[in-house]
Structures are given as C-alpha cells and as structure tokens.
Amino acid sequence: MQKKSFLQNLIFTAAMAFVMVYAMVCYNIAIDKGGMNNEIFLIAFHEIPIMWPIAIILEMFVFEKLAIKLAFRFINPEKDNPFFITLGISSMIVCLMCPTMSLIATLLFAHPGSQVIAIWLQKLTLNFPMALCWQVFFAGPGVRNFFRLFEKKTK
C-alpha cells in the first residue's frame with residue numbers, strides 16, 4: 001500500500017466521495033419517486049453541495065483510520081494480496097459511512113418527525129447493499145483506475 005500525501009489523499013477522497021454520494025443520492029431520489037428517470041440525474045445535484053462535503057469530512061477525519069484499523073483485524077497488510085486489503089478497507093468504510101450518511105440524509109431530507117429511527121433504518125436497509133456493491137464493483141475500481149492513469153501520465 002503506497003503512502004499518499006495529505007493533498008493526494010484529499011483529492012482521492014473528494015473524487016471517491018463525489019462518485020459515491022452522487023450515485024447514492026440518485027438512488028434515493030429514484031426510490032422516493034418510484035423509479036428512475038433522466039430528470040433524477042439533474043435533481044441529484046441539488047443535494048451534492050450538502051452531502052459531498054459531509055462525506056469528505058467524515059471519511060478523512062472520522063472514519064478513514066477506523067476503517068483501516070477494523071480491516072486490519074482480519075487482513076494482514078504484510079502478507080495478504082493488495083486486492084484483499086483494498087476490498088477490506090473499502091468494505092469497512094461502507095460499513096461506517098453508510099449508516100452515518102443515511103442518518104444525515106434522513107434528518108436533512110426525509111422530514112422524519114417522530115419516526116427518525118424507523119425511517120433511518122429503512123433507508124439504511126435499502127442503502128447498504130447498493131453502497132457496498134457500488135463501492136466494490138464500480139466506484140472504487142473506477143476512481144482508483146482513473147488515479148492510476150493520472151499517475152502514469154505524470155511520471
């Protein structure tokens with residue numbers, strides 16, 4: 001695992017957070033509207049200025065080190081394949097970020113009233129499988145491959 005500078009980590013985290021937040025906002029709007037349509041891709045940009053910075057701050061300053069610590073409870077960074085290290089850390093980040101971001105979205109956008117816990121649990125139940133699959137199969141590999149291409153071009 002290559003060490004990154006603070007700036008590199010910030011840029012990577014911002015890119016990953018944008019891809020994750022945008023997809024999850026689109027997903028939640030589609031659920032609320034009863035299905036997906038092209039308009040949702042534009043509507044999602046109304047929540048991005050709120051949710052994207054929150055995700056960056058949570059990832060960088062609250063959950064990143066904890067996710068690594070949790071992943072390294074079942075993965076040995078000196079022995080295990082880098083693919084499994086990345087998968088473990090990514091999975092732990094989703095395990096921490098998804099409940100938190102779902103709660104924040106519930107409080108900010110769902111107008112839950114006295115049903116905060118029930119609505120949050122429903123959102124979490126719907127969001128977690130999507131967030132994990134999106135991170136592991138699409139967002140994670142896509143953003144990492146983009147940054148690898150950029151690193152190769154600058155060398």
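Here are the numbers:
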item	result
Kirkwood Rh, Cα atoms: Rg over Rh of the range 87-145	1.07
Distance violations [Cα-Cα > 21 Å] among LYS4/LYS69; LYS69/LYS153; LYS69/LYS123; LYS69/LYS152; LYS79/LYS152	LYS69/LYS153; LYS69/LYS123; LYS69/LYS152; LYS79/LYS152
The chain: angle of helix 140-154 to the longest principal axis, Cα-based, in degrees nearest 10	50
Dipole magnitude (debye, nearest 20) for the chain, charges at Cβ of Lys, Arg, Asp, Glu	600
Ratio of the Cα radius of gyration of the chain to 2.2 N^0.38 Å, where N counts its residues	1.09
Space enclosed by the convex hull of the alpha-carbon atoms of the range 1-75, per residue, Å³	122
Mean shadow area of the range 40-111, taken as a quarter of the surface of its Cα convex hull (nm²)	5.8
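FYI, it's all coordinate maths here, none of it is from the lab. The structure presented is a predicted model; accordingly, all values stated were derived computationally and were not measured. Glycine also receives a Cβ, built like all others from the backbone with ideal geometry; neighbour counts cover every protein chain displayed.
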